[in-house]
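S.K.: Have a look at this one.
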Amino acid sequence: MKGDIHEGTKILEGKHMISILLYVGGHDGCTKSDLYQAVAFSNNMPNKLDALESAGLLTQSPHTHSVTLSLTETGTEVARRLEGLNQYMIESRRETARDS
């Protein structure tokens, strides 16, 4: 097969990438420290944030003693759609369990 059919969503395949987008989407202007405490901390987390920023989904704004995180317009739309998918899957599981 020519080309990568997942080219646009490949960035989301990495560990914690979806969680990062959903957290920052719900906590605009949070600090990196907030994110690390809520999602996870690993030595790779700064690289993940840089990758999301390079993909145009997130911005990192340095301040005196911290870095705040915000989603771009595209990142906000991706997070909104991911949250909708999450809700759909939760409701689907409930319906399946109820029908069993």
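S.K.: Among the residues in the stretch 7-22, are any among the acidic types (Asp, Glu), closer than 25 Å to residue 85 by Cα and not in a helix (DSSP H, G or I)?
M.R.: yes
S.K.: Looking for whichever is over 14 Å from the mean Cα position of the chain (by Cα) and without any contact (Cβ under 8 Å) to a residue 40 or more places away in the chain here; the options are 19, 54, 66. Which one fits?
M.R.: Only one candidate qualifies: 66.
S.K.: Now for a separate question. So, residue 70, is that one of a type in the set (S, T, N, Q) and within 19 Å of residue 11 (Cα to Cα) or not?
M.R.: The answer is yes for residue 70.
S.K.: In this structure, does residue 56 turn out to be of a type outside the set (Phe, Trp, Tyr) and part of a loop (DSSP other than H, G, I, E, B)?
M.R.: Against the criterion (of a type outside the set (Phe, Trp, Tyr) and part of a loop (DSSP other than H, G, I, E, B)), residue 56 qualifies.
S.K.: Just one of the numbered conditions (1) in a helix (DSSP H, G or I); (2) within 15 Å of the chain's Cα centre (by Cα); (3) surrounded by fewer than 16 Cβ atoms within 10 Å (Cβ to Cβ) is not true of residue 82; which one?
M.R.: Of (1) in a helix (DSSP H, G or I); (2) within 15 Å of the chain's Cα centre (by Cα); (3) surrounded by fewer than 16 Cβ atoms within 10 Å (Cβ to Cβ), only one is false for residue 82: (3).
S.K.: Specify the residue that is surrounded by the most Cβ atoms within 10 Å (Cβ to Cβ); the eligible residues are those in the stretch 23-37 that are touching a residue at least 12 places away in the same chain (Cβ under 8 Å), among the hydroxyl-bearing types (Ser, Thr, Tyr) and in a helix (DSSP H, G or I).
M.R.: Top of the filtered list is 23.
None of the figures in this text is laboratory data; all of them are computed from the coordinates on show. Because the structure is a prediction, the values reported are computed rather than measured. Here Cβ is always computed from backbone atoms with ideal geometry, including for glycine, and neighbour counts include all displayed protein chains.
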